[in-house]
C-alpha cells in the first residue's frame, strides 16, 4: 500500500516535470491568473506599475482577432465590466474603460489569455522628449532634427532624425555642474548672456599671458555655446552638455592661430586645473612630439580629449590624429551626409554634425545691434558635440576611464553611411554620434540565449 | 540541448533525487506520532523590490514549482523541506553601473529552488488551532545570456539572479466548518533579499554590476484553506497580500498534499 502511494507521488512528479518542460524561461504566465508580468505567447510584456511605465489608469486598448463578430466582441467587453469609449476603426482597436477598482495589469493579463483576443495592452502615456525653451533651439538641427529649415525660411530642410538625439538623452541626464569641459581655443566671450553663468572661471589666456580668456576672434565662443550654452533659459541656444561647466583656455590669437607650444601649454594647464574633457577644435597637418606628449599627459591624467579632423577634405590633422589619446571627430550635415571638406583617414573615430551649426558668437561680432548668435561650419563643431557627450557620460559614470568613455562614444554611433561604407570607415568612423544610445538604458527584451 | 532544456533536466534530476530520498521515509512505518506528508506545490510569487538604496522599485515575479515533504517528529511539531524549479522575473531592473546602461525586460530566468521550514502547534481547541510557522526559501538562478543589440559593434550580457526569503508568524486554523475543509489565516513577518549580477561585454569594453534588491513590505496576510479530499490526499490553496507603501502585492499558491 505504501509503495503504491509512493508510486502515485512519482507519477504526479513525472506529470509535474512534464508540465514544466514547456515552461521555458519567460513563459511562466501561461494559464496562471497571477502571472501578469510574463508573456506566454509574446503578445505583450505587462507594465510594472513601479518600473516607471506610465499608462492611463483604468483604460485598455483591445483588438479581437479577425472574424470575431461584433456582437460577440461587445459581449466580451461587457463581460469584463468594461465600457467602450472609443475605437480606432482603421486598426480595429477598441478603447475600453474598465470599471472602478479593476486593475489595468490584471485586465490586460486576463484578456490576453483568450484565443479570440489579438492583443490587449495598457494605454501608455507618451511625452515629448525634453525640449528646452531656448529661443533658437529650432535652428539646432544637430540636437534635434525634425526636418525643419536649417536657417532662415527658404533654406534647406534637414532629414528628420539626422541628429545626435540630444533631447532623448537629456531624459537620462542633463549633466553635472561638477564636470568641466576645457575649450582650448580662441577663448570665449565671458560676458555673453548665454554663457556667462556657465564658466568654471575666467580661464587662462596663453596668448596674452593672463587669466582673462576673452575671445577676440569668435571661434571659441561658437564652440563654447555648442558644448555648454545656458539651456532652458528662454534665450539663445541650448548647450548639448546642458549643466556641465566650461573652462576657456585661450591658445589661438585673433586670427585663430596658435603655436604648438602654446596649444600644448593650454592642454597641460587645462588638465592640471580640473578639466574632465578637453575640446580641441583646432589642428594642423604636421606631427609634433611636444603636442603628442601634451595630449598623452592629459589622457593619462584622466581627461577625455576630442578633436576635429580638419576642414580641408584631406588627411586627419593633429592632434586628432593621435589615435591612442584623442577622439577624432569628422563632420556630418543635416542629412547625415559627409560634407566634402571633412577630413578623413584611419584615425577617424566618429562623426557629428558640423555643417550650418548655430551657436553663440561674441557680443557685437556681427556689428552693433546684431544677434550674438550665428551659423558656422567645420569639424570644430563636430568635436564640440563629441565633447558634450563625453561630459554627459562622465556626469553619470564618473568612474569610467578615458578609454572607456571613448569606446562608449564610438560604439553607440549610428552607422549612417552603412549603405556605401558598412561598419567602421575612414570618412565617418563608427558613424554619427547618438547620445541616446550612449546614455539611456538599453532595454533588453530578447530571451536568454536568443 | 538548449540552455532551458538543461535547466529543466537539472531540476528534474533534483526532484528525482528528492523523491528517491524521501521514499524510504514515506514507505516506513514510523514510530507512534511520526507522520510524513509529501506534496507538490506551485506558487505565484509577486513582490515589489527596491534597489539602489531604495531609490528605485521594480517587480520580482515568479512561478515556483516544488516537491515538498513534511515530517511531524512529534504531535504538533513538524519540519518541512522543498526542492524544485523556479522562474524568476526581475523585469524593470536597471543597471546603470555598466558601460552601457541596460534595463532588464527579458522575462523570467530559471533556477533551483530550495527551502525548509518548521511549525509548532501553539494551542488547540475544538474550533481553532494556532500554529507558529517559520520558513526559508532560496532560489539559485541559472546563468542567462542576452545579446546587446543596436550598437556599432557586437555586445552581450551574462547574468545570474538569486533571491532568498524568510517568513515567520502565526497561523490560525478554523476547524468548525466541516470535516473536509479547514480555512486558515496566516500573518507573517516576511523579508526578501536578492541580487542580479550582470556582466557586459562590448568589444573591448567590459563591466560587471551586481544589483542588490530587497522586498518592499514586511507583513504578509494570507487566507487559505486545506481541503481533505480523502484521508490521504489534501488540496491546499492560499492567497497572500503584502501591503507596502503605495500598493499591495498579491501572490498565491496551491499544493497537493499526500499523507502517510
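The values are calculated or read from the model by the stated rules, or taken from the named source; none is laboratory data. Small disclaimer: the values here were computed from a predicted structure and weren't measured. Please note: Cβ atoms are built from the backbone with ideal geometry, for glycine as well, and neighbour counts cover all protein chains shown.
Observations, loosely collected:
- In the range B:118-127, the residue that is surrounded by the fewest Cβ atoms within 10 Å (Cβ to Cβ) out of those that are touching a residue at least 24 places away in the same chain (Cβ under 8 Å) and assigned to a loop (DSSP other than H, G, I, E, B) is B:126.
- Selection status of residue A:209, over 18 Å from residue A:280 (Cα atoms) and within 14 Å of chain B (Cβ to nearest Cβ): no
- Residue check for residue B:152: in contact with a helix residue (DSSP H, G or I) (Cβ under 6 Å, 6 or more places away or on another chain) and at the interface with chain A (Cβ under 10 Å from one of its Cβ atoms): yes
- Restricting A:354, A:374 to residues that are touching a residue at least 12 places away in the same chain (Cβ under 8 Å), in contact with a helix residue (DSSP H, G or I) (Cβ under 9 Å, 6 or more places away or on another chain), under 21 Å from residue A:240 (Cβ atoms) and crowded, with 20+ Cβ neighbours inside 10 Å narrows the list to A:354.
- Taking the range B:98-117 as the range and being in a strand (DSSP E or B), more than 7 Å from chain A (Cβ to nearest Cβ) and touching a residue at least 40 places away in the same chain (Cβ under 8 Å) as the test, the residues that pass are B:111, B:112, B:113, B:115.
- From the list A:390, A:403, the one residue that fits, being at pLDDT 95 or above and either outside the structural domain of residue A:325 (by TED's automatic domain parsing) or buried (at least 24 other Cβ atoms within 10 Å of the Cβ) (or both), is A:390.
Let's see how each residue does on (1) within 14 Å of another protein chain (Cβ to nearest Cβ); (2) in a loop (DSSP other than H, G, I, E, B); (3) farther than 21 Å from residue B:153 by Cα; (4) out of contact with any strand residue (DSSP E or B) (no Cβ under 9 Å at 6 or more places or on another chain):
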site: A:340; (1), (2), (3), (4): no, yes, yes, yes
site: A:346; (1), (2), (3), (4): no, yes, no, yes
site: A:364; (1), (2), (3), (4): no, yes, yes, yes
site: A:368; (1), (2), (3), (4): no, yes, yes, yes
site: A:384; (1), (2), (3), (4): no, no, yes, no
site: A:405; (1), (2), (3), (4): yes, no, no, no
site: A:409; (1), (2), (3), (4): yes, no, no, no
site: A:419; (1), (2), (3), (4): no, yes, no, yes
site: A:427; (1), (2), (3), (4): no, yes, no, no
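- Residue within the range A:158-174 that is in the same structural domain as residue A:279 (by TED's automatic domain parsing), at pLDDT 95 or above and under 21 Å from residue A:303 (Cα atoms) present: yes
- At least 1 residues being loosely packed, with under 15 Cβ neighbours inside 10 Å is the threshold, and among the strands (runs of 3 or more DSSP E) wholly inside the range A:64-145 those reaching it are A:83-88, A:117-124.
- Just one of the listed residues (B:250, B:242) is within 11 Å of chain A (Cβ to nearest Cβ), touching a strand residue (DSSP E or B) at 6+ places or on another chain (Cβ under 6 Å), under 16 Å from residue B:45 (Cα atoms) and not in a loop (DSSP other than H, G, I, E, B), namely B:250.
- Residue in the range A:439-447 that is assigned to a loop (DSSP other than H, G, I, E, B) and buried (at least 24 other Cβ atoms within 10 Å of the Cβ) present: no
- Selection status of residue B:138, at the interface with another protein chain (Cβ under 10 Å from one of its Cβ atoms), surrounded by fewer than 20 Cβ atoms within 10 Å (Cβ to Cβ), in contact with a strand residue (DSSP E or B) (Cβ under 8 Å, 6 or more places away or on another chain) and in a strand (DSSP E or B): no
- Apart from one condition, residue A:436 fits all of (1) within 8 Å of chain B (Cβ to nearest Cβ); (2) in contact with a helix residue (DSSP H, G or I) (Cβ under 8 Å, 6 or more places away or on another chain); (3) within 19 Å of residue A:167 (Cα to Cα); the exception is (1).
- Residue list for the range B:67-82, restricted to those being farther than 9 Å from residue B:119 by Cβ and in a strand (DSSP E or B): B:67, B:68, B:69, B:71, B:72, B:73, B:74, B:81, B:82
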